[in-house]
Every structure is written in C-alpha cells, then in structure tokens.
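Heads up, the thing below is written out as structure tokens.
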Amino acid sequence: MLKTFYIETWGCQMNVYDSEKMSQLLKNTHQMTAVSNPEDADLLLLNTCSIREKAEEKVFSLLGRWRKLKAASPEKRIGVGGCVASQEGERIFDRAPYVDFVFGPQTLQQLPLFIQRLKDGQSHFLNIDFLPDEKFDQLPTPQTSGVSAFVTIQEGCSKYCKYCIVPFTRGPEVNRKVEDILKEVGMLAIQGVREITLLGQNVNAYRAIDESGRFFDLAALLYHCSKIPGIGRLRFTTSHPVEFTDTLIAAYKDIPELASHLHLPVQSGSNAILQAMGRGHTAQEYLDKIAALKAARPDLTITSDFIIAYPGETEENFMDTLRLVDAVQFDQSFCFIYSPRPGTLAASLECTIPDEEKHARLKRLQAKLDQHSLSHREKLKGTIQRVLVESYDHETQRAKARTEGNVIVHVNDASPRMAGLFIDALIEDVFAHSLRGRFLAIHDPYLDQRMSDHRMSKETNGAQSIEKNLRTSCESNNSCTSHSCSS
Ligand code: 5AD
Ligand code: SF4
C-alpha cells in the first residue's frame, strides 16, 4: 500500500517547483514511485491555485472525479495542497469527506510525516500553517535531468494589492538563505543545468545577509549565480515595479548571463486604476523603469500581466492601458478579467461593468498584445539567435531550443548531442508561438573553457605534476605566504 503517487499541478511556476519537491520527498523518504495516471496511483495529490475565479469549483470538480476512483479502489488516499487548501482549510473535508489530508504551500515539507500518518491508519488531518523557514530548511536537494531549472529564493508577498489573494494563501514575504540558494544552484549546475530561473512571488524584494555579514539583494544573487561554472543563462520571476532598483537595472549591463527578457507586470495603464489596486506606482513611473532598463540592455523584451474591468474601470481608463501597451510594445503577455477573491480588500467593491463589456475589453487588449507579440517574432526572421538546446526529436530530426526572449525554436541540422549547449541558430520561419531555424555554430563559452582546460591538462601534464608537488610541500610546511600559491 502507498507505493505509487500521482500529482496534479495547477497554477504558477512556484507550484510546479513545489510539486517537484513533493515528488522528490515521496521518492526519497517512502521510496514511492511517480505514475502518470491517477488510475494507477495509491496516493493522489492535488496542488491547487486560487489566483482567479472558479478555482474552488475546479478543485471540487476534480475531487469529484477522484472520489469515483477511490470508490472503486478504497485503499487509495487523497491529499489536497497549495493555495486553495490554504484558503479553504477544514471546509475541504466538509465538501469532500473522502479527502484524507490537507496541507498548505508552506507545509509540504511535512509530506513524509503525512504519509506515515496515513500508513498508521489516520485520516482527515490538516496543516496549513505558514512555516516557510521550516520549508526552506527541509526541502530535498534537487535532482533533475533537464537543462533548465527553477530555484525558489523567496516566498509570499507583503504588497497586499487589493485584488490579490497571494498574501493570504502564501503569507508574508520570507527570504531563503543565500548559502542555500547558491548551494542549490551549484548542485543543479553539476547535474548539467545551464539555465536557472530564480523564483519568488515578489522576487526582487529579496534581501538577506549571508553568514559572513554581506548584504545580498537580487542583483547580488544574480551576480554570484552567474559565476557558478556551467550556468550560462539566468532569469527571475515575478518582479514588482516598485522594488525594481537601480542596482537591479544595472545588472542588465553587468551580467551577460542575465537573459534579455523580463516579466514585469504592470496590471493597468491607468493611474486611477493603479491607485485603486494599491499598486504603489504610476504608469509614468513604470515607463521610466522600462526606459532605464532599455538603456542598460537595448534588446530587452518585456512581458506583463494585465487585469481588466477592475471595479470602476472606465473606457478612458482602459484606453490608458491600450496606450501603455503601444508605448512599451510588450512581448507575449497575459490578460485576465478581474475576479473578486474572497478575503481580499477589493472583494467587497461593486463592479457595474456588464459582462459583455468585460469580454469585449479582454478581446481588444488580447488582439493588441498578439499584434505586438507577432511583430516581435517577425523581427527575429533572418537574425542569428543564441539559443539553449533543451532536447532533440529523432522523428523530426530537430532540436528544441529557447531564445533569450523565451521563445521556442525548432532547429534543423542540429545533432542529438547538442542538448544542454548554447548554439547559434539562423531564424528562417516565424509562427504564432514558435520559430523555426537552422543550426549555424556552437556558441558556448563554458564548453570552450572546458575544452581549453582539457587541452591544457594534456599539454601541461608534466608541468602540473610539478605544481602539485609544490602545493603539497606548501600544505605540509603550512608556512606558504606566496600569492602565486592558491592552496
Ligand atoms: N483577478 C484577476 N486577475 C488576477 N491576478 C491576480 N489576482 C487577480 C484577480 N483577483 C493576475 C495578476 C497577476 C497574475 C498572476 O494574476 O495579473 O499578475
Ligand atoms: Fe499579488 Fe500584488 Fe503580491 Fe503580486 S505584488 S503577489 S499581485 S499582492
């Protein structure tokens, strides 16, 4: 019993990261095996998201399907985690009594304990406390076979934008230790990861002091990550415009590994709506940050999230958003109709915008965003892009790679051995959501470095053994003060 598990993940990249950690915990501590079908699993876990409307309904509708599976195989166990679990707590048992346990985003590290309780015959238990420090301390060391990985550096949010449920489901901002982050990035690099995305609900609010007393903000972390051998590309998400400091802007000048792509949600282009949302900045302040960023990195592409039909949004306010979209020319962005979230400050606001009008605005904004997105893609045609190869498809004989701007490129003339390498690709065709290109050359300073180290080690084998002898004699007499001696 409880040998296999299935995890269904909804929501943001943080949930994807959390589910990976859950999976590792179950494998490491109870030697459980992941399966890809709920029918085949002894343990069914649902990692939920509550950011927008109908989240709760979606959860109970999936649980209804799992109920039937459990009725057919009563030994199956069901756990519900994530933000809906944090928000609903005990109410989940009231509506779905066949659920065995409920845990929050900050208590998933206790999964091994929960499994033990299930094995001991217990049911209907819950822990949705905010224990981010415990979570950070008890997460397992990462294991991956991919070329890109996420690393959480910060959790929760203390901004309390009036529409947003995140501060209530994930708790206030908590930063992870510098040493733990750099160790995790190092472990991933050893496993062949070339691209790291630093994650946080408010990632640029990161502030920490390391064990030797040095102050670290996000810019300092990025700088240190960029020096870890093998790491060739860095991203971070999601940022807030208010904490987008000059040092972070300067990072785009100073750190070549930092990808020329930034997700910086603005939500609205109207000052009145930004104020009503409690965002803490104006449209012009956002535009000023973008101008400074573009000065530091001219080819930077920007993506954003937008909320439309926020209570009180007039046609003129909405037009301000369209004007801001034209001014920034965002790349692939997301827009959502405002949905009241229980417990948030905006939940009690009356919204008089008719549904047809909400949908019409969504369509107008989406059309504009698509148009800018396509024109960004079209500009890439005929250019040479440095892309990171993720995998190779033997059937189509194409490599799947990603540009700095996070666009997928299917590359002809590549080889299966290129996974994990940065290559130059000539972009020949443009599609709505991807590109097609042709392999031109390997373009990977880390590979060059490794090859030259390898050559050096062959050529200087003799010289190296002399150096090794010198080091040994330095270490043994312990009195070496020579600067040329690195031991
Ligand atoms: N209604 C609609 N969209 C929302 N978002 C957050 N809360 C709400 C809400 N109540 C959107 C924001 C945020 C993205 C992750 O989800 O645009 O940036
Ligand atoms: Fe939500 Fe605002 Fe925090 Fe983003 S910054 S997670 S929108 S409260």
Note on the chain, DSSP bridge orientation, antiparallel percent to nearest 5 equals 40
Computed over segment 333-453: relative contact order in percent, which uses C-alpha pairs under 8 Å that are six or more apart:
19
Over segment 30-145, volume per residue of the alpha carbon convex hull, in Å³:
124
Charged-residue dipole, Cβ positions (Lys, Arg, Asp, Glu), segment 251-343 about Cα centre, Debye nearest 20
200
Restricting to segment 101-201, what percent of DSSP beta bridges are antiparallel, rounded to 5?
20
Could you tell me what percent of the accessible area of segment 262-323 is made up of carbon and sulfur, with a 1.4 Å probe and every protein chain present?
56
By the Cα gyration tensor axes a ≥ b ≥ c (a/c under 1.5 gives rounded; else a/b larger than b/c gives prolate, otherwise oblate), the shape of the chain is oblate
Burial ranking of peptide ranges 92-99, 353-360, 54-61 (average Cβ count within 10 Å, highest at the top):
92-99, 54-61, 353-360
Please list, ordered by chain and number, the residues whose modelled amide H lies under 5 Å from the amide H of THR303; skip anything fewer than 5 residues away on the same chain.
LEU262, HIS263, LEU264, ASP331
Can you give the accessible area per residue of the chain, in Å², using a 1.4 Å probe?
47
For segment 128-171, what class follows from the C-alpha gyration tensor (a ≥ b ≥ c being the square roots of its eigenvalues): rounded when a/c is under 1.5, otherwise prolate if a/b is larger than b/c, else oblate?
oblate
Estimated [θ] at 222 nm from DSSP helical runs (n ≥ 4, -39500 (n - 2.57)) normalised by residues in the chain, nearest 500:
-12000 deg cm²/dmol
State, as an integer percentage, the relative contact order of segment 87-221 based on alpha-carbon contacts under 8 Å between residues 6 or more apart.
23
With the full set of protein chains in place, find how many percent of the accessible area of segment 137-219 is carbon and sulfur; take the probe as 1.4 Å.
54
Restraint check, LYS183/LYS227; LYS54/LYS363; LYS183/LYS294; LYS253/LYS289; LYS54/LYS162; LYS27/LYS119, Cα-Cα greater than 22 Å
LYS183/LYS294
Got the relative contact order for the chain handy, in percent, Cα pairs under 8 Å and 6 or more residues apart?
9
Using the Karplus curve 6.51 cos²θ - 1.76 cosθ + 1.60 with θ = phi - 60°, what ³J(HN,Hα) values do you get for each residue of segment 275-290, in whole Hz, with x for Gly and Pro?
5, 4, 6, x, 7, x, 8, 9, 5, 5, 4, 5, 4, 5, 5, 4
Protection-proxy order for peptides 21-29, 443-451, each taking the mean of Cβ atoms within 10 Å per residue, highest first:
21-29, 443-451
Among ALA360, ASN37, LEU198 - extreme Cα towards positive end, dipole of the chain, charges at beta-carbon
ASN37
What shape does segment 344-454 have by the C-alpha gyration tensor, where a ≥ b ≥ c are the square roots of the eigenvalues, rounded means a/c under 1.5, and otherwise prolate means a/b greater than b/c and oblate the rest?
prolate
For the chain, with only Lys/Arg (+1) and Asp/Glu (-1) charged at the beta-carbon, what is the dipole magnitude about the Cα centre, in debye rounded to 20?
680
Please report, in debye to the nearest 20, how large the charge dipole of segment 134-173 is about its Cα centre when each Lys and Arg carries +1 at its beta carbon and each Asp and Glu carries -1 there.
240
Heavy-atom accessible area of segment 1-61 with neighbours in place, 1.4 angstrom probe: carbon+sulfur share in percent works out to 48
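The values are calculated or read from the model by the stated rules, or taken from the named source; none is laboratory data. Keep in mind it's a predicted model, so treat the numbers as computed, not measured. Here Cβ is always computed from backbone atoms with ideal geometry, including for glycine, and neighbour counts include all displayed protein chains. Accessible surface is based on the protein model in full, side chains and every heavy atom, while ligands, DNA and RNA are left aside. Shrake-Rupley method; radii C 1.70, N 1.55, O 1.52, S 1.80 Å.
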